[in-house]
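Enquirer: Dumping the structure here so I can ask a few things about it.
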Amino acid sequence: MNHKSTTHLLLIGTALIITLGLGGLAQAQVKKGKTRPITTGQLMKGLVKPHCDALKKGFETAPADDKAWAQLAVHAAMMNEGSYLLMDDGGCPDGTWADASTKMMRQGSEEILKAIEAKDLAAAKTAFGTMTKSCKACHDAHKEKH
């Protein structure tokens, strides 16, 4: 192999490595938006998880009174609002994330709110199942595996 061929192969190899490296960065997990300081992990731990856990626990038995139903509505409303925050500030990396946030989480939490208004525990549980599918879909695609 002559010097010209070796140089040409090195240039092609370097270009390929750079291209693959940049492509890998584009597919990396988004850890925060573009301008706000909150990280995706903080948003999940501070907003999504506590309200999701409260809904799960609240739907284990029928809420005892109007106050308990109203508290569940707060949790469902916060989950709904979270679906907007997860899409805001450039934090949405792809269609899987977008579908999970807008179709499953947002629509599921809206259905939970309707069921709570009707005091329909069975419908609330069904809607909760729909909403939590958003977590699995997004985590399967984006959460780092340990």
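Enquirer: Return yes when Ala98 is surrounded by fewer than 17 Cβ atoms within 10 Å (Cβ to Cβ) and assigned to a helix (DSSP H, G or I) and no when it is not.
Expert: Here the answer is yes, as Ala98 does meet what is asked.
Enquirer: Only one residue in Lys49, Lys34 is of a type outside the set (A, V, I, L, M, F, W, C) and not in a loop (DSSP other than H, G, I, E, B). Which one?
Expert: Lys49
Enquirer: Now, a different point. Which one of Ala115, Ala100 is among the hydrophobic types (A, V, I, L, M, F, W, C) and more than 25 Å from Asp65 (Cα to Cα)?
Expert: Ala100
Enquirer: Then there's this: Inside segment 21-42, can you point out the residues that are of a type in the set (A, V, I, L, M) and modelled with pLDDT of 85 or more?
Expert: Ile38
Enquirer: If I filter segment 68-77 for residues that are in a helix (DSSP H, G or I) and either out of contact with any helix residue (DSSP H, G or I) (no Cβ under 9 Å at 6 or more places or on another chain) or basic (Lys, Arg) (or both), do I get at least one hit?
Expert: no
Results for (1) over 24 Å from Gln42 (Cβ atoms); (2) surrounded by 16 or more Cβ atoms within 10 Å (Cβ to Cβ); (3) not hydroxyl-bearing (Ser, Thr, Tyr), shown as yes or no for each residue.
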{"position": "Gly90", "(1), (2), (3)": "no, no, yes"}
{"position": "Ile116", "(1), (2), (3)": "yes, yes, yes"}
{"position": "Lys119", "(1), (2), (3)": "yes, no, yes"}
{"position": "Ala123", "(1), (2), (3)": "yes, no, yes"}
{"position": "Thr132", "(1), (2), (3)": "no, yes, no"}
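Enquirer: Select, from Lys125, Lys57, Lys119, Lys114, the only residue that is part of a loop (DSSP other than H, G, I, E, B), farther than 23 Å from Lys31 by Cβ and not hydroxyl-bearing (Ser, Thr, Tyr).
Expert: Lys119
Enquirer: Return only the number of the condition from (1) of a type outside the set (Lys, Arg); (2) surrounded by fewer than 17 Cβ atoms within 10 Å (Cβ to Cβ); (3) modelled with pLDDT of 85 or more that Leu11 does not satisfy.
Expert: Checking Leu11 against (1) of a type outside the set (Lys, Arg); (2) surrounded by fewer than 17 Cβ atoms within 10 Å (Cβ to Cβ); (3) modelled with pLDDT of 85 or more, the one that fails is (3).
Enquirer: Could you give every pair whose Cβ atoms fall below 6 Å, whose first residue belongs to segment 76-94 and is farther than 16 Å from Thr132 by Cβ, and whose second residue is crowded, with 19+ Cβ neighbours inside 10 Å and not acidic (Asp, Glu), counting only separations of at least 6 or pairs across chains?
Expert: Filtered contacts from segment 76-94: Met87/Ser101; Asp89/Gly33; Gly90/Gly33; Gly91/Gly33.
The values are calculated or read from the model by the stated rules, or taken from the named source; none is laboratory data. Every value quoted in this text rests on a predicted model; they were computed, and no experiment measured them. Because the Cβ atoms are built from the backbone with ideal geometry, glycine has one as well, and the counts that use them run over all protein chains shown.
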